[in-house]
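The values are calculated or read from the model by the stated rules, or taken from the named source; none is laboratory data. Please read these numbers as outputs of a predicted model, since none were measured by experiment. Note that each Cβ is placed from the backbone with ideal geometry, even for glycine, and that neighbours are counted across all protein chains shown. Only protein heavy atoms, including side chains, enter the accessible area calculation; ligands, DNA and RNA are left aside. Shrake-Rupley method; radii C 1.70, N 1.55, O 1.52, S 1.80 Å.
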Amino acid sequence: MLFQSYFFIFVFLPLSLGGWYLLNRLKRFSLAQGYLIGMSLWFYAWYNVSFLWVILGSCLFHFGISFLLSRRDTLRMRKALLAVGCAVNIGALGVFKYYNFFVENINAVFGADFQTRNILLPLGISFFTFQQLSFLIDRCRGEAPHYGLLDYLSFVTFFPSLISGPIVLHASTVAQFQDHSRRRFWAEGFAKGVMQFTIGLGKKVLLADTLALAVNYGYENIASLDAPAALAAAVGYTLELYFDFSGYSDMAVGIGKMFGIDLPENFNSPYRAVSVKDFWRRWHITLSRFLQTYVYFPLGGSRKGRFRTFVNTMITFLVSGLWHGANWTFVFWGFLHGLGVAAAGLTGSGRRTASKGSASRDTAPSGRGRRLLCQAATFAYVCLAFVFFRADSIGDGFLLLSRIFTFRAEGQLVLMAAAMEPSEIYVVTKALSLAAPSLVGAAQLAAMLLVFAAGFFVLTRKNTAQIIEQSRPGLRFTLGLAFLFAWSVISLSGVSTFVYFNF
């Protein structure tokens, strides 16, 4: 089920909220939690009901390990269960997500003839596997208690973050479900949730899905692109991916607020980063936190000299790349980001310091001009890396980059604009096709440039979390939000799925 669908917005979400608050008002707290778990499983099964056994089996397996530890908590038992748990989690991902990737590469390297299989990838398996793996590791370290079954299922299956994150941790999430004071309807928190959901919906439907039309055209016709079209495809995907995933995260966090559950923010203006290292403090924050806590630090982090720090950084980002998908393009993307982060660490850029009473902030680079230059260079590097994230092969990625540096303009940008044509200008282009056909292309190109300009304009403004926390919902703000919601809902018929559903 998609957040950006009529059924979700006007049927599923009202039913979920209504049942949750009604049962909690009647003080049927366990029943309310069971009701929310049931609704979450319905949400998950909407795409393919056969995937239910995967997530339920995964939940019961991890709950069973935790239960065994509650009966016999010894060092030997912890080590044994941790080894079994990690093997099962990695094995499940290996079968569902990486089986064909490994088989194809074994065949290519050794000349073997193993057969690939048509294995459907369960939605969100990377997210709920990492989520439960973090609990398993903490539990076997003695850093997590044994939770009741309802609390554990609530932590894993809570539908706003179930399919594409944010990746939540058990400590903060379970504690919120156990706090019955959070189950009373709080108008201010609910209103903030509606605001954040609406902004996220607009980013996804009006910006990401519109940009996707141009981007898809570009990546499907790489060999014929001229320099402006190739550049537009590269930059367009960088914008599309951000508005798609941050829009989804905004909607997830907003829905959580409607239920009285605080989910972690996943983005903090990442395209304002002054280095690749700074970018990863701002982009997909919950994944960065997971990889840092459960991969980078156990490897030794930065405590064993520069060379080991470099190696640990590269391993962590190669894991990040492979986590995103079973293709060498993702591994190469992780490799590029690992190099970028390692370079930032070696040069000392992106260092942070904490000021009293405030969050940590960047101290380098100093000076507005230098900072803008670093932001532009970081954005360009991120764009370059995302070319390989989107391309079907590493060769296609290099081909697109080579098209940019041909410095030839052959009119492909007009064809890309025609492929992207927003529905909002349909009447205009239809009228022009009758009255002045020669101007249709110019109108479509103007519309595409306007969408790109709108995307960059949004990037220069406050991010969603800042808007929600700092804005006072007066009449003007409320009317603007209502207009954004109405415009987004009208545009729902042409939306795509979320990009991160693939990961």
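Values as computed for the structure displayed
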item	result
Whole-Hz ³J(HN,Hα) from phi, Karplus 6.51 cos²θ - 1.76 cosθ + 1.60, for segment 5-20, glycine and proline x	9, 4, 5, 5, 5, 9, 10, 5, 5, x, 4, 5, 5, x, x, 4
Entry for Cα extents along the principal axes in Å (calculated from the structure that is shown) out of [x] 163, 60, 36; [y] 69, 56, 42; [z] 77, 58, 57	[z]
TYR98-ALA435 pseudo-label distance in nm [points 7 Å out on the Cα-to-Cβ vector]	6.0 nm
Sequence-separation-based contact order of the chain, relative, with Cα cut under 8 Å and 6+ spacing, percent	18 percent
Farthest toward positive dipole pole in the chain [+1 Lys/Arg, -1 Asp/Glu at C-beta], among GLY338, GLY64, GLY455	GLY64
Highest average packing first - 463-471, 148-156, Cβ atoms within 10 Å	148-156, 463-471
Loop-located trypsin sites (Lys or Arg not before Pro) in segment 72-142, at most 14 other Cβ atoms within 10 Å (DSSP)	ARG72, ARG117, ARG141
Heavy-atom surface of segment 219-287, accessible at 1.4 Å and reported per residue (Å²)	20 Å²
Cβ crowding within 10 Å averaged over residues, with 451-458, 122-129 ranked highest first	122-129, 451-458
Rounded to the nearest 20 debye, dipole of the chain from Cβ charges on Lys, Arg, Asp, Glu	2080 debye
Sequence of PHE267, PHE398 when ordered by accessible area, the most exposed leading, probe 1.4 angstrom	PHE398, PHE267
For the chain, calculated [θ]222 nm from helices alone, where every DSSP H run of n ≥ 4 adds -39500 (n - 2.57)	-21500 deg cm²/dmol
At most 16 other Cβ within 10 Å, DSSP loop - trypsin sites (Lys or Arg not before Pro), segment 296-331	ARG303, LYS304
Karplus-derived 3J(HN,Hα), 6.51/-1.76/1.60, for each residue of segment 235-249, Hz, glycine and proline x	5, x, 5, 4, 6, 4, 4, 5, 5, 5, 6, 5, x, 4, 4
Flagged links, alpha-carbon separation over 19 Å, of LYS192/LYS257; LYS192/LYS277; LYS203/LYS462	LYS192/LYS277
Phi to ³J(HN,Hα) by Karplus 6.51 cos²θ - 1.76 cosθ + 1.60 over segment 116-123, Hz, x for Gly, Pro	7, 10, 8, 9, 6, 7, x, 4
